[in-house]
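Accompanying notes for the structure given below.
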Amino acid sequence: MPLPHTHAILHAAAFAAHKHRNQRRKDVAATPYINHPLTVALLLSECGGVEDVATLQAALLHDVLEDTDTQPAEIEAGFGADVLRLVLEVTDDKSLPKQKRKELQIEHAATLSPQARLIKLADKIANVSDIGHSPPLQWSTERQRAYVDWARSVIAAIRGSNPALETRFDEACAKALRALSDQAS
């Protein structure tokens with residue numbers, strides 16, 4: 001017998017997989033992009049103890065508005081207003097320059113809802129972990145280190161949201177910085 005809400009979570013995973021089907025991560029292996037939102041949702045569930053279906057669905061969908069042609073109405077129709085609200089909370093405005101988007105993530109982090117804070121934490125854990133073991137191919141050591149520092153600034157604004165996820169984030173940062181130091185030597 002399926003677990004409660006299994007269908008709803010798998011529906012979000014399938015939707016995200018379809019929307020990200022032609023995208024790859026920037027690592028040397030060109031990992032399928034869908035691995036990233038799956039990792040974010042898994043971190044929330046396994047490490048963060050998150051059981052809220054809307055939060056897990058939004059984690060799976062967190063990049064579809066920002067990185068695909070998905071429209072907000074599609075998310076609302078398929079997953080409801082709560083999921084759409086969470087996805088919108090963690091979506092950058094791509095019409096702004098990249099540096100401005102990064103600044104706004106730091107500025108707005110403290111205003112995120114508790115659920116969006118968890119998604120933001122798991123997203124940063126996944127990205128910083130990638131820097132530690134499979135960094136973006138074209139990123140210099142300096143750029144990777146700058147990303148870790150920036151991610152720390154974002155997460156500093158939402159500390160107190162989930163101690164287990166925060167510990168995992170700190171561990172990912174330490175591992176990434178060790179890997180970067182090893183590259184430099």
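At-a-glance table
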item: Nitroxide proxy distance, nm - points 7 Å out along Cα→Cβ at D170 and A81; result: 3.9 nm
item: At 1.567 mPa s and 4 °C, Stokes D of the chain from Kirkwood alpha-carbon radius, µm² per second; result: 77 µm²/s
item: Magnitude of the charge dipole, the stretch 44-185, Cβ model with Lys/Arg +1 and Asp/Glu -1, debye to 20; result: 600 debye
item: Euclidean distance of C-alpha centroids, the stretch 117-150 and the stretch 1-30, integer Å; result: 21 Å
item: Between helix 98-109 and the chain: long-axis angle, C-alpha atoms, 0 to 90°, nearest 10; result: 70 degrees
item: Estimated 222 nm signal from helices in the chain, with DSSP H stretches of n ≥ 4 weighted -39500 (n - 2.57), rounded to 500; result: -20500 deg cm²/dmol
item: Fraction in percent of alpha-carbon pairs per bin - 10 Å, the stretch 95-185; result: 17, 47, 31, 5, 0
item: Virtual spin-label span in nm between T6 and D69, 7 Å along Cα→Cβ; result: 3.4 nm
item: Under 5 Å, built H, 5+ apart or other chain: amide partners of D27; result: L137
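Throughout, read-outs are computed from the coordinates displayed, never taken from laboratory work. Note that this is a predicted model, so its numbers are computed, not measured. Note that we place each Cβ from the backbone using ideal geometry, even for glycine, and neighbour counts take in every protein chain shown.
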